[in-house]
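None of the figures in this text is laboratory data; all of them are computed from the coordinates on show. What you are looking at is a predicted structure, and each value in this text was computed from that prediction instead of being measured. For neighbour counting, all protein chains shown are included, and Cβ atoms are generated from backbone atoms with ideal geometry for every residue, glycine included.
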Amino acid sequence: MGFNVTNSIKTSSDGIWQGENTLHYAFPLLIIQTTLVVFLSRLLAFLLKPLRQPKVVAEILAGIMLGPSAFGRNKTFTNWIFPSWSTPILECVSNIGLLFFLFLVGLELDLNTIHKSGKKAIGIAFAGISLPFLFSIGVAFVLRKLIKGIDSVGYGEFFLFIGVSLSITAFPVLARILAELRLLTTQIGEMAMAAAAFNDVAAWILLALAVALARGGGVHHSPLISLWVFLSGIGFVVFMFLIIRPIMILVAKESSNGNNNIVEETFICLTLVGVMLFGFMTDFIGIHAIFGGFIFGLIIPKNGDFSEKLILRIEDFVSGLLLPLYFASSGIKTNISQIHSVSAWGLVVLVVSTACLGKVLGTFIVGIMLCSMPMREALALGFLMNTKGLVELIVLNIGKEKKVLDDETFAILVIMALFTTFITTPIVMAIHKPSSTQDPQLEKPQKKIKKQNNLRILACLRGPRDAHALINLIESLRSDKNNNNYASVTKLYVMRLMEFTDRLSSISTVQRARKNGFPFIGRVLFRDEATDQVGAAFEAYSTLGKVMVRPTMAISSLSDLHEDIIHVAEKKRVELIILPFDKYWQMEGNEEVEIHAGHGWRMANERVMSQALCSVAVVVDRGLQLVNNGMRVCIVYFGGADCSKALEIGSRMVEHPAIRVTLVRFIHHGSTNFDEVERTLDDSTIAEFKVKWGKQIVYSEKETNNLVNEVLEIGKSGEFELMIIGNNKSKFPQGIMAKQFDEQQLNNSELGPLANLLASSDKGIKSSVLVIQQQHEAKFGNSKVASSFIDKDIV
C-alpha cells in the first residue's frame, strides 16, 4: 500500500491549461512552500528588528505560525499548502539544508580557540551545563508523572533529552546577540563566546549519547544495541581525526596556493560530496546524518582560506533558502493547542523557570567565585549563556523522531527555547548597559605626559590596503623635533573596522581576528605577502618613542559602526579621526579600476563626520607610496576653518626629510560666502605659516574665478602624491561658486564639492587626497579653544 502511495506522487504537472492543479505535484508545491516560509520569516525578522531580536526568533515563530498552532488550524490552508503527503519531501529538503548548515557550524568552530579559552571559560561552561542537567532530573520526573504516555519511554533517555535541551547554549545566536548589544569585543563578550563554543561541543557529545540510547521507535530495546551505536560513533570521530583530517590539511594547503582554479574547484566539489557521504555514514551507524556533517566541518583546518571559500560558496543558499524549511518543518510538528489545561501551562512555567534558573545561577556563581566578576556582569553573562536556537530545535526534533518526546512535551520545550532567547536581549540591556567598543588594550592606565602639544590619532582601517596608506600618512605626520609649536604624534589608536552580519562567516572572521591579536592583521585573516610587512610596521611603531600604538577593534553592523568610532575617540580624547574612503582604485592590466567598499561604509563615514566631536580626515587612497622613497604634498588653501585645519595637518609634514610640501592659496573674487573678517583671518593664518615654514616649503598664490578647474589641474598633473584639502562643505552651495558644481556634487553628504571632485574616478585625478574637516563650531565653538581643550586634558 505504501509503495502505491509513493508512486502516486508526481514531480511536476502538465500545466494549468490542461486542467491540472500544480499544487497537487511535489516540485511546484515545494516552490510555493519555500517562498512562503522565506517571506514570512524575513517579514517577522523585519518586524522584530526594533526589539533587537536575533533572526532565529523570527524563524522559529514563522515555523510555528505555519503549523497547527496558527495558520494550520485552517484545514483548507493545510490541505493546499502543507498536505500530509508533502511532509516527507519537505523534511528531506530541509534536512539537506540542515546537514550543510551543521557542516558550516563545524567550520565556524575552532578547537584551538576552545583549547586556549582558559579555565575560567571552561568553568563557566561546565557550570552552565551541569546545574541545568541536575535540575532536569526533577523536571523529567514531574513531566513523566503529569503527561500521559511518556512513562512508556525509558527514564534514562527521556532525562538525557530534557537535560540536553535545558543546558544548550546556541553559539551562533549568542554571537549575534553580543554583536547587537555591542559586547563582542568586551571582556564579558569574549568570555561568553569562549564558554559557548565549549558548551556547543559538549552539547553535541551529549546529544550523540542521547541518540545512541534513544531506541524508542525501533524494534530492539537491548542496551547492547545502544552500546554498539555509541562505540561506533566514537570510532567514527577517531577515524575522522586520525585519517580524514590529515588529508583535509593537505587539500586545504593545495587549495590555498591558488595556482590552479580547476584543482581548487575539484577540491571544493569533493568536499561538498564528502559532507553528504559522512552524513550517510553516521546515519548508517544509527546516530543522525547531521553529526557526520558537523564533525567533517570541525576537522577542516581553519588557518587557511579553504574553509572561508567553502563558507562563501554555500552559506547564502543554505542559510537563506534551505534552513528556513527546517524551521517550517519543526513548526508543523508544534501544536501549542496541545497545552490546553492550567496544569499544562504550569508545566511550561516550570520548564522555562528551571531552564533559566539552572543556566543563570550556575554561570552567576562561577562568574563571581572563579572569575571575580562584578555581580551585574555575572548575571548578564548568565542570561547570555541561556540563549537557545537551532541546536535546541534539532535536539527536540530528534527526540520526537525517536518517539522520546510526545506532542505536548515537544510544544512545551519549543516554547521554552523561544521564550529564553526572546528575553535575553532586553534583560541583558537592563542589567548590563550596552556600550560601544571596549578593548582591553584601551583600558591600560595612561601615564601622564608633560604638558605640550602632542597629537592623538584614531586611525580606522578595513584591511591591509587601508593599512598601507595609513602607515605612510602617520609616518609623514611624525615630527623629529620637540621644540616646535606643532605636535608630534604621541599615541596612535588603530581601530580595525569589522562589519557583523547574520552570516556565519562573520563569526568566523571575528574569531580569526581575535585569535591573531596585535597587530590583528596576520596570515590567517589576510593572506598576502604585504601582510607581514604591515604587521611588522605596526609592531615597530609601538616601540618608537613618539608613536605609541594601541590596537582596538570595532565589530558592529554598518549602521552602528560610527558609534563605536566616536565612543573611542571621545574616551581617548583624540584630536583627529582618520577614515578610509568608501572606494579605492587598483590597476588591472593597463586599466585603473574603481572598487566600491559599499554604500554602508559611506554612510558610516558620513555619520562620523556629522557627529564626531573632533576633527575628521578621510583618506582617498590612489596608491600612496612609502615616504622613504620621497613624497610630494600639496596643501590646497581657499579659506575657512577646514582649510586652516588642513594647513595645520600639512604643517606637521614639513620637517619630514622625505617630504616636500607645496602650499597653493587660491583667492577667488566675487564669492559672497567669504566676508572680510574671514579673509583677514585667512591672511593672518597664511602669514604666520609663511614666517615659520617659508624657507622649507614652496608657496604660490593664485587669483581665479574658476577654482574647480584650477584644483582639478593640480590633481591631474601627477606632480603630487598627496593633496590635502579642507572639506568646506558649507562654503559653496549658496555662493557664486555653486554654478561650477552639479547637484550630485553639492548634495554629497560625505565630502564637500571640491573634495568630491578630487575623489571621483572620471576626472583623471592621479594624486591621493586627504580631506580634512575641523571640529564643528556648533559643538566646540572657537576651533583654537577646542584644540587647547584637547591638548590640556591629554593624560
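Odds and ends about this structure:
- Inter-label distance, nm, simple model (7 Å from Cα along the C-beta direction), V238/F317: 3.7
- For the stretch 271-392, alpha-carbon Rg relative to the globular expectation (2.2 N^0.38 Å, N residues): 1.47
- Among 646-659, 136-149, 235-248, 292-305, the peptide with the highest mean count of other Cβ atoms within 10 Å heads the list, and the full ranking is 292-305, 646-659, 136-149, 235-248.
- Theoretical FRET efficiency, 1/(1+(r/R0)^6), r = Cβ-Cβ of K148 and S372, R0 60 Å, to 0.05: 0.80
- Projected label points at L357 and H340, each 7 Å from Cα along the beta carbon direction, are separated by 3.0 nanometres.
- Backbone N within the stretch 88-110 under 20 Å of label point (7 Å from L23 Cα along the Cβ vector): 88-91
- Segment E594-I16, length gained on full extension (0.36 nm per residue, minus Cα span): 203.2 nm
- On the basis of the beta-carbon distance and an R0 of 56 Å, I249 and I31 show a calculated FRET efficiency of 0.90.
- Between F39 and C269, full extension at 0.36 nm per residue minus the direct alpha carbon distance yields a gain of 79.8 nm.
- Unsatisfied cross-links (Cα-Cα over 18 Å) in the set K645/K692; K333/K403; K716/K763; K55/K309; K491/K571; K645/K690: K55/K309
- Residue pairs, from the table K145/K388; K302/K388; K145/K359; K119/K145; K119/K302, whose Cα atoms sit over 31 Å apart: K119/K145
- Alpha-carbon centroids, the stretch 250-315 and the stretch 674-722: separation in whole Å: 60
- Globularity index of the stretch 131-285, i.e. its alpha-carbon radius of gyration over 2.2 N^0.38 Å: 1.38
- Given their separation in residues at 0.36 nm each and the Cα-Cα distance between them, S717 and L227 gain 168.5 nm when the chain is fully extended.
- Remark: spin-label model distance Q696-N112 equals 4.6 nm, labels positioned 7 Å along the Cα→Cβ axis.
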